Amino acid sequence: MTCRFCGKKILNTLVDLGMSPLCESFIASDDLNSMEPFYPLHAYVCESCFLVQLDEFVSPEHIFTEYAYFSSYSDAWLKHAEKYVSLVVDRFGLNQNSHIVEVASNDGYLLQYFIAREIPVLGIEPARNVAEVAIKKGVPTRMDFFGETTARRLAAEGMSADLLLGNNVLAQVPDINDFVKGMKILLKPQGVITMEFPHLVRLMEGNQFDTIYHEHFSYFSFYTVEKIFAAHKLTLFDVEELPTHGGSLRIYAKHDEDQTKGLCQGVNEIKAQEETFGINRLATYSDFGEQVKDTKRKLLDFLISARRQGQKIVGYGAPGKGNTLLNYCGIRTDFLDYTVDRNPYKQGKFLPGTHIPIFGPDRIKETRPDYLLILPWNFKDEVMDQMAYIREWGGKFVVPIPEVRIYP
Ligand SMILES: [Zn+2]
């Protein structure tokens, strides 16, 4: 295996999570008895550029043709998008003459806030079913993967971006050099790129191994992303830390040639933080695997003892991270009776690998479980608000990551 950024041979394991199915391949009841493909879920770290990455077993075309993730089903995520739009509009003086392009625009959850301000937008979204929802909502969207070819095609049509953004997409790009090269092409001379991605430092510190899945080929530090952008003559001039997805970075990039923007203090702060963490020392990465095994044992300890005491445990949510967690820990209906999800696309289906059934949230009122295991722990506050009524019958919340915590 060679590094998808720098091309060097990769020999070092970050963590081996065993064999796992694709985490967004929900199973319909008709298919419960069919064979289900499992692939190695094994994260490596490149000792040259320190990019953490998985081998590519399944093409993005396969993963994203029909995608079950609709951003608009999360209230917290919508609020996050709205706040971002107001921030960048003010900071970069965006107006009716600006052009905004979002890569992996999903169902238009974010671009709708630019449209509300009458700022022209274009979304690029490969998943047909998701893109169709955006188009129906009136968000101009192209069904396509992004990279050099798409960027050149758009540029030939006279398109260029004052603001080019991509949230939680960088991880899903198999050819990262092609993707960033495309961004360089589509960006106006004084335009700005912003991208958000989960911060590798938070993943490792916070034990967030469940955010590793086949659909996410890469896991980033500022250290490595800066190298990748620099290789394509793009400068990171600012960065913010965000609480989303367990701790993310939002980077701001410009053309190397653009002299109109100075380097912000945040860049030095993140660099210092990562230096202290040991981001460019191989030893930093070598203990993670043991830490993950220990987290699994602690979660199983809790589940086994609760079930032995006759208590009922169900899940909340059917996110990708839940499927990594449940498959790695071997948690099936022997521990979780079922899970619930607000997304109607997932209701009536079964989780990949573990075949735990997915219902609508009302099922919880009917069955009154003792524990609700929150799989999308990054939204735990939102979930605990929505589901506060389980306390009426003494129900408690359980958060599995960074380690088992019970919230009465
Ligand atoms: Zn590398």
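The values are calculated or read from the model by the stated rules, or taken from the named source; none is laboratory data. Quick caveat, the model's predicted, so the values are computed rather than measured. Glycine also receives a Cβ, built like all others from the backbone with ideal geometry; neighbour counts cover every protein chain displayed. Ligands, DNA and RNA are excluded from the accessible area calculation, which covers all protein heavy atoms including side chains. Shrake-Rupley method; radii C 1.70, N 1.55, O 1.52, S 1.80 Å.
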Just a yes or no: is a residue in the stretch 237-254 within 16 Å of the ligand (Cβ to nearest atom), under 29 Å from Asn12 (Cα atoms), touching a residue at least 40 places away in the same chain (Cβ under 8 Å) and aliphatic (A, V, I, L, M)?
no
Of the residues that sit in the stretch 30-53 and are of a type in the set (Asp, Glu) and either farther than 23 Å from Ile279 by Cβ or modelled with pLDDT under 95 (or both), which one is nearest to the ligand (Cβ to nearest atom)?
Glu36
Looking at Ile313, Ile406, can you tell me which residue is closer than 30 Å to Pro37 by Cβ and surrounded by fewer than 23 Cβ atoms within 10 Å (Cβ to Cβ)?
Ile313
Of all residues in the stretch 297-325 being in a loop (DSSP other than H, G, I, E, B) and within 17 Å of Leu22 (Cβ to Cβ), the one that is modelled with the lowest pLDDT
Pro319
Identify the residue in the stretch 316-336 that is among the aromatic types (Phe, Trp, Tyr) and within 26 Å of Gly289 (Cβ to Cβ) and, among all such residues, is surrounded by the most Cβ atoms within 10 Å (Cβ to Cβ).
Tyr328
Number of positions in the stretch 2-39 that are within 24 Å of Asp210 (Cβ to Cβ) and basic (Lys, Arg):
1
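Residue by residue, here is whether (1) open to solvent by 50 Å² or more (accessible area, probe 1.4 Å); (2) out of contact with any Gly (no Cβ under 9 Å at 6 or more places or on another chain) holds:
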{"residue": "Val101", "(1), (2)": "no, no"}
{"residue": "Leu111", "(1), (2)": "no, no"}
{"residue": "Phe114", "(1), (2)": "no, yes"}
{"residue": "Ile119", "(1), (2)": "no, yes"}
{"residue": "Ala127", "(1), (2)": "no, yes"}
{"residue": "Ile135", "(1), (2)": "yes, no"}
Working only within the stretch 269-283, note down all residues that are assigned to a helix (DSSP H, G or I) and either on the phi > 0 side of the Ramachandran plot or more than 23 Å from the chain's Cα centre (by Cα) (or both).
Glu269, Ala272, Glu275, Thr276, Leu282, Ala283
Does the stretch 229-244 contain any residue that is over 18 Å from Ile185 (Cα atoms) and assigned to a helix (DSSP H, G or I)?
yes
Restricted to the stretch 339-350, and to residues that are free of Cβ contacts under 8 Å to residues at least 60 places away in the same chain and open to solvent by 10 Å² or more (accessible area, probe 1.4 Å), which residue is nearest to Phe26 (Cα to Cα)?
Gln347
Name the residues in the stretch 372-393 that are touching a residue at least 40 places away in the same chain (Cβ under 8 Å) and either among the aliphatic types (A, V, I, L, M) or buried (at least 17 other Cβ atoms within 10 Å of the Cβ) (or both), would you?
Leu372, Leu373, Ile374, Leu375, Pro376, Trp377, Asn378, Phe379, Val383, Met387
Residue by residue through the stretch 54-90, note down the ones that are at pLDDT 90 or above and within 16 Å of the ligand (Cβ to nearest atom).
Leu54
Which one is modelled with the highest pLDDT among residues in the stretch 342-364 that are polar (S, T, N, Q) and under 19 Å from Val130 (Cβ atoms)?
Gln347
Kindly establish whether Lys83 is open to solvent by 40 Å² or more (accessible area, probe 1.4 Å) and assigned to a helix (DSSP H, G or I).
yes
For the condition out of contact with any Leu (no Cβ under 9 Å at 6 or more places or on another chain), outside any loop (DSSP other than H, G, I, E, B) and of a type outside the set (S, T, N, Q), what is the one hit in Asp337, Asp294?
Asp294
